[in-house]
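These notes are about the structure you will find just below.
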Amino acid sequence: MRDSFAIGRVFGIQIRVHLLFPLILAFVLMQGLSQPGASAADVLFLIAAVFLLFGVVFLHELGHSLVAQSFGIQVLDITFWPLGGMARMAELPEKPRIEGLVAIAGPAVNGVLFTAGLLAHLLLGLPIALDTLPGYFIYINLAMGAFNLIPAFPMDGGRILRAWLARKRDWVDATAIAVNVGRLFAFLMIIAGFYQSCVLSLIGVWVWWMGARELWAVRMKHKAQRFYEQANYPGSEMGGLTPGFTPEDLQKLEAFRGHLKNFKQRDD
C-alpha cells in the first residue's frame, strides 16, 4: 500500500503502518492534555491503551494470516490503518471450509485472549476495571471478538455466513446474499453512529462499500471464467490451467532466447 510504510516481518509476513497512525497517537495525546486536571500518568495511560489496542488487533489479524498460510495462501501484509487492521491475501480459494476457518481464526484469537485475561483476574482475585490496562485488555478482546462476528460482509461474521451459504449454493449467490445481509447491518451502523460515535458510521460506510466491491469482483471473475470455458480455450477443461511447454516448445524458444535453464526469476 502506497500510503503506508513497513516496520518489519513476522512469520514472513510484512507488517505495515498507515501514515495516519502517528496522527492518531498525536490526537490521543492532545485529547488527554486538553482534559481538565489531566496528569502525565493519564496521558501515558491513554498512549499505552492505544498501543495495547493495536497489539490485540495485530494478534487478531495474525490469526487470520497463519491459518491462511497453513492452506498455502500467500499473505501479502498486515496493515494498521485508521479503523483497525487488515491482513491482505493474494486470493482465498472459493472453498467454504477454507474461508470459514480463516474467517473464524481472528475472533478465536480474541476469545482465547479474553478467556486467559479473565481467568488470570479470577485466580488472582483482582477486580476487572476499565481504568486499568489488564481490565482494558479483557474488554477490547471481548468487544473485538463479538463485533467481528456480526454477519456484516466483508467482516469476519459475514465471511463465515458466506462460507455457510456456499455449502449448498453457487459462490456468486452466496456472496450476494451475504453482501445484502451486510448492507442491512451497515445501514444500522451508519444510523447508530449519529447517536453513538462517528467511527461506527465510518465502519458502516466501509462495510457497504467493500461488500459492493467484492460482489462486483466475484461476479466479474465468474463471468470471465464462463466466457473462457465457453470459448474452449486451451486449458479451459482444466479450470484455465495449461500443462505447460512441451520439450519441442522449449527447443523453439531456446533457439531465440538461449538456454532457459539459466534464466533466474526476479521477485518484484
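Each reported figure results from applying straightforward, stated rules to the coordinates on display, with no laboratory input. Remember, predicted model here, so these are calculated numbers, not experimental data. Cβ atoms come from the backbone with ideal geometry, glycine included; neighbour counts cover every protein chain shown.
Near Ala129, the amide H atoms lying under 5 Å from its own belong to Gly135; only residues 5 or more places off or on other chains count, and H is placed 1.01 Å from N. Label positions at Gln225 and Ile73, each projected 7 Å from the Cα along the C-beta direction, are separated by 1.5 nm. Couplings for the range 130-140, taken from phi via the Karplus curve 6.51 cos²θ - 1.76 cosθ + 1.60 with θ = phi - 60°, read 6, 8, 10, 5, x, x, 5, 4, 5, 5, 5 Hz in order; Gly and Pro are left as x.
3J(HN,Hα) along the range 41-50, derived from phi through the Karplus expression 6.51 cos²θ - 1.76 cosθ + 1.60 where θ = phi - 60°, amounts to 5, 5, 5, 4, 5, 4, 5, 5, 5, 5 Hz, with x in place of Gly and Pro. Close amide-amide hydrogen proximity is noted between Ala166 and no other residue 5 or more places distant or on a separate chain, at a cut-off under 5 Å (H modeled in the peptide plane; Pro and chain starts excluded).
The range 120-159 and the range 38-85 have Cα centres lying 14 Å from one another. Applied to the range 95-102, the Karplus parametrisation 6.51 cos²θ - 1.76 cosθ + 1.60 on θ = phi - 60° returns per-residue 3J(HN,Hα) values of 10, x, 4, 5, 4, x, 5, 5 Hz, with x for Gly and Pro. Looking at the range 1-149, the DSSP beta bridges with both ends there are about 75 percent antiparallel.
Shape class for the range 1-149: oblate, because the ratio a/c of the largest to smallest gyration tensor axis (alpha-carbon atoms, square roots of eigenvalues) is 1.5 or more and b/c is at least a/b. Placing a label point 7 Å from the Cα of Phe194 along the Cα-to-Cβ line, no residue of the range 142-167 has its backbone N under 11 Å from it.
Collect residues whose amide H, placed 1.01 Å from N in the peptide plane, falls under 5 Å from the amide H of Ile150; neighbours closer than 5 in sequence don't count. Placed amide hydrogens put Gly157 under 5 Å from Ile150. For the range 151-239, the normalised intensity computed at q = 0.13, 0.14 Å⁻¹ comes to -0.50, -0.56 (log10 of I(q)/I(0), Debye sum over alpha carbons, equal scatterers, no solvent).
The chymotrypsin sites (Phe, Trp or Tyr not before Pro) found in the range 1-102 that occupy coil by DSSP, while having at most 12 further C-beta atoms within 10 Å, are Phe11.
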